Amino acid sequence: MNTILIAAYILFATVVYGIYLLLPKKARPFCLLAFSFLFYIVYSKFMTIFLVLTIVTVYLGGIGINKLNAKFDKQKEGLEKDERKALKKKFARKKRWILIGAIVFNFAILAVLKYFNFFTSLFEGFLSWFNVSASMPVLKLALPLGISYYTLSAIGYLIDVNRGKCTGGGFWQVALFVSFFPQLFEGPFASYTELSPQLQAGTGFDKDNFFGGVFKMLWGWIKKVVIADRLAIIVGEVFSNYTQYNGLIIVIGIVLFTFQLYAEFSGLIDIAQGTSNLFGIKLAKNFEQPFFSQSVPEFWRRWHISLGNWMKEYIFYPISMSKGMMKLNKKMSGKVNTFWQVFIPSAIALLAVWLFCGIWHGAGVKYIVYGLYYYFIMIGGMCIAPLSNLLYKKTGINKDNKFLKICRIALTFILVNFGMLLFRANTLPAAFDMFGAIFTGGQLDLIGLGVIEVADVVMCALGVCALIVVDILKEKKIDIKAGFLSQKNYLKTIILVGMIAFVIIFGAFGDGYIPPDPIYGNF
Amino acid sequence: MDNMDKLIEILKKIKPNVDFSKEINLIESGVLTSFDIIRLIVEINNEYDVEITPLHTTPENFQSVDTIYNLIEKLADED
């Protein structure tokens, strides 16, 4: 999303908000639905059909599951406990087929549109091992907007219906849940039970929702346009021409990419959350000061939180607690240390999680390696944990002392940055080359080369400092938004106007700037 | 040792420094991570001969000692 697109989006949200407020309460959800679809059709045109297919299949799946539940409730009356159990199993099997059918159908859409070219290139590579050359067709289709986001949210909804976590909604409720426009670009992933009631509430004007929502949207815009797009100048240069650089410049490029990604991704999430605030809707949290993490697992509990929660709910727990795993655990019970009873199912489930996470991030071998990188770190951490706990116990060292905390934060930051190198590098070989180049010393002057001007370097530094300061305040539970909302209305208005002016004056757009593609966009 | 005491003993094995009699937000406050939940479920399934499935791994069921205990009793009744 470049600056013009963000500005257009904010204008669109303003128009929707105005019309929304003019309508009676019952009509407001339909207003959101209509404008979400208008937004989608303008952006993705005929690819909207895939959004419709997902909505229809999960809606019908929910209906099917609910009908089976109603049938079971009727038939179980008067049965003995064992007969009820057997009947429950029979209906569970039927519901599972509906669920599997809908999941396979929707993942197939995603697989074809997003991964077709990747799979065919893998197949070509496989054939080349046998000296068979084949030219596979190449699919040249733009991805439907947000397909990786809304597909997972929709599947999560259907799984929740199957689990009995929710009874499912009417067609328009499901349609709005899947297509709600603020979350289409970069999420966050939504849970039906949390989001749908808010979407249907038709909340009217609320001063705090209005000011708070606009404040959040503008802060997100500043993060994206002033900070992220400016950092992209240095990052783009270093990663595109890495063979010309080494040592400190490579390190700076990687670290600045980490902050660029954080500023952009969290900025666009802020815009989505701020927009939703206007309508009295609270989207799921997606970031929680991730660079204060003391371990890689903690980092992934603080970074892209909604994706982590989705994978935990729908991949990690189902695999680690599957019937097969529980049977294995029962066999191991009393014969092996509990460590293995936890480690084995967790390791298998985590492999599925990280392969999924890697592939979700992109169609390429590089992304699989990216996922496996974090997998091996987590497995290693699980193996080391009992030893390090023993060490702390034997030595009497307090593992929560400040020095050790800072060491763990620093180590986690370094590990995360290596992950970011894998993610951002143009290719896997490029990532390894850049890693090697870090240790060859030397430095080059980006300003002297004309890559970036002094003013932009200063703004980059200030931007990174601003991100860090805001996160420090949040980590100390200082609520900046609450502080803003406690001001008088005229002061709040001045601050908001000032933020808009700040974007216009200091945004990295216009002559001399090339707007970068959104990193998490086109997912 | 009654069932509640057994449960507290299991929780203390997983997180020795936590006062489980006072904690009521074990999941939301991050006291119990997903790995802790898996370990807890393994220990509960072993100790109480119940079967906790992914259907039950909701934050509501694992927020406190009391909610975990209620889950165990409910599953024991179903079995």
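The values are calculated or read from the model by the stated rules, or taken from the named source; none is laboratory data. Just so we're clear, the structure is a prediction, and the values are computed from it rather than from any experiment. Counting neighbours? That spans all protein chains shown, and the Cβs are built from the backbone with ideal geometry, glycine included.
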Out of (1) touching a residue at least 24 places away in the same chain (Cβ under 8 Å); (2) away from chain A (no Cβ under 13 Å), what's the single condition that is false for B:Leu71? (1)
If you go through segment A:447-454 one residue at a time, do you hit one that is assigned to a helix (DSSP H, G or I), in contact with an Asp or Glu (Cβ under 8 Å, 6 or more places away or on another chain) and more than 25 Å from A:Phe215 (Cα to Cα)? no
Pull up segment A:204-253, narrow it to residues that are under 23 Å from A:Lys285 (Cβ atoms) and of a type in the set (Gly, Ala, Ser), then point me to the one that is surrounded by the fewest Cβ atoms within 10 Å (Cβ to Cβ). A:Gly212
Check whether at least one residue in segment B:14-23 is in a helix (DSSP H, G or I) and either within 13 Å of chain A (Cβ to nearest Cβ) or modelled with pLDDT under 85 (or both), and report yes or no. yes
Answer from A:Met332, A:Met321, A:Met325 - the residue that is surrounded by fewer than 18 Cβ atoms within 10 Å (Cβ to Cβ) and free of Cβ contacts under 8 Å to residues at least 40 places away in the same chain: A:Met332
Filtering segment A:169-215 down to residues that are farther than 20 Å from A:Leu38 by Cβ, under 25 Å from the mean Cα position of the chain (by Cα) and of a type in the set (S, T, N, Q) yields A:Ser191, A:Thr193, A:Ser196, A:Gln198, A:Asn209
Scanning segment B:40-49 for residues that are over 13 Å from B:Leu11 (Cβ atoms) and more than 7 Å from every other protein chain (Cβ to nearest Cβ), the one surrounded by the most Cβ atoms within 10 Å (Cβ to Cβ) turns out to be B:Tyr48
Where A:Gly364 falls short, out of the listed (1) surrounded by fewer than 20 Cβ atoms within 10 Å (Cβ to Cβ); (2) free of Cβ contacts under 8 Å to residues at least 40 places away in the same chain: (2)
Regarding segment A:133-140, can at least one residue be identified that is free of Cβ contacts under 8 Å to residues at least 12 places away in the same chain and in contact with an Asp or Glu (Cβ under 7 Å, 6 or more places away or on another chain)? yes
Consider segment B:1-13. How many of its residues are part of a helix (DSSP H, G or I) and free of Cβ contacts under 8 Å to residues at least 12 places away in the same chain? 3
Of (1) within 12 Å of chain B (Cβ to nearest Cβ); (2) closer than 30 Å to A:Phe39 by Cα; (3) at pLDDT 95 or above, A:Leu278 fails just (1)
Segment A:367-408, residues that are within 20 Å of A:Pro290 (Cβ to Cβ), buried (at least 16 other Cβ atoms within 10 Å of the Cβ) and β-branched (Val, Ile, Thr): A:Ile377
So A:Leu415, is it at pLDDT 95 or above and under 17 Å from A:Tyr245 (Cα atoms): no
When restricted to B:Ile52, B:Ile27, B:Ile37, the only residue touching a helix residue (DSSP H, G or I) at 6+ places or on another chain (Cβ under 7 Å), of a type outside the set (Phe, Trp, Tyr), at the interface with chain A (Cβ under 10 Å from one of its Cβ atoms) and outside any helix (DSSP H, G or I) is B:Ile52
Taking B:Val42 as the residue in question, decide whether it is modelled with pLDDT under 90 and within 11 Å of the chain's Cα centre (by Cα). yes
Filter segment A:297-324 for residues that are outside any helix (DSSP H, G or I) and more than 9 Å from chain B (Cβ to nearest Cβ); which is nearest to A:Leu152 (Cα to Cα)? A:His304
For segment A:322-381, give me the residue count where each residue is polar (S, T, N, Q) and in contact with a Phe, Trp or Tyr (Cβ under 8 Å, 6 or more places away or on another chain). 1
So, in segment A:266-296, how many residues would count as being more than 23 Å from A:Leu496 (Cβ to Cβ) and either part of a helix (DSSP H, G or I) or acidic (Asp, Glu) (or both)? 5
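Here's the yes/no breakdown for (1) within 14 Å of another protein chain (Cβ to nearest Cβ); (2) touching a residue at least 12 places away in the same chain (Cβ under 8 Å):
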site	(1), (2)
A:Ile103	no, yes
A:Ala108	no, no
A:Phe119	no, no
A:Leu127	no, no
A:Tyr150	no, yes
A:Phe171	no, yes
A:Val174	no, yes
A:Thr193	yes, yes
Specify the residue that is farthest from the other protein chains (Cβ to nearest Cβ); the eligible residues are those in segment B:55-68 that are among the hydroxyl-bearing types (Ser, Thr, Tyr) and assigned to a loop (DSSP other than H, G, I, E, B). B:Ser64
Residue check for A:Phe177: surrounded by fewer than 20 Cβ atoms within 10 Å (Cβ to Cβ) and among the aromatic types (Phe, Trp, Tyr): no
In segment A:328-345, what residues are part of a helix (DSSP H, G or I) and either within 8 Å of another protein chain (Cβ to nearest Cβ) or touching a Gly at 6+ places or on another chain (Cβ under 7 Å) (or both)? A:Asn329, A:Lys330, A:Thr338, A:Gln341, A:Val342, A:Pro345
For segment A:123-141, check the following and say yes or no: at least one residue is surrounded by 15 or more Cβ atoms within 10 Å (Cβ to Cβ) and either modelled with pLDDT under 95 or touching a helix residue (DSSP H, G or I) at 6+ places or on another chain (Cβ under 6 Å) (or both). no
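Condition check ((1) within 30 Å of A:Ala284 (Cα to Cα); (2) of a type in the set (S, T, N, Q)) across all residues:
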site: B:Met4; (1), (2): no, no
site: B:Leu11; (1), (2): yes, no
site: B:Val18; (1), (2): yes, no
site: B:Lys22; (1), (2): yes, no
site: B:Ser29; (1), (2): yes, yes
site: B:Asp36; (1), (2): yes, no
site: B:Glu43; (1), (2): no, no
site: B:Asn46; (1), (2): no, yes
Name the residues in segment A:1-45 that are in a helix (DSSP H, G or I) and in contact with an Asp or Glu (Cβ under 9 Å, 6 or more places away or on another chain), would you? A:Thr3
Return a yes/no flag: does segment A:282-294 have any residue that is at pLDDT 95 or above, buried (at least 21 other Cβ atoms within 10 Å of the Cβ), among the aliphatic types (A, V, I, L, M) and under 19 Å from the mean Cα position of the chain (by Cα). yes
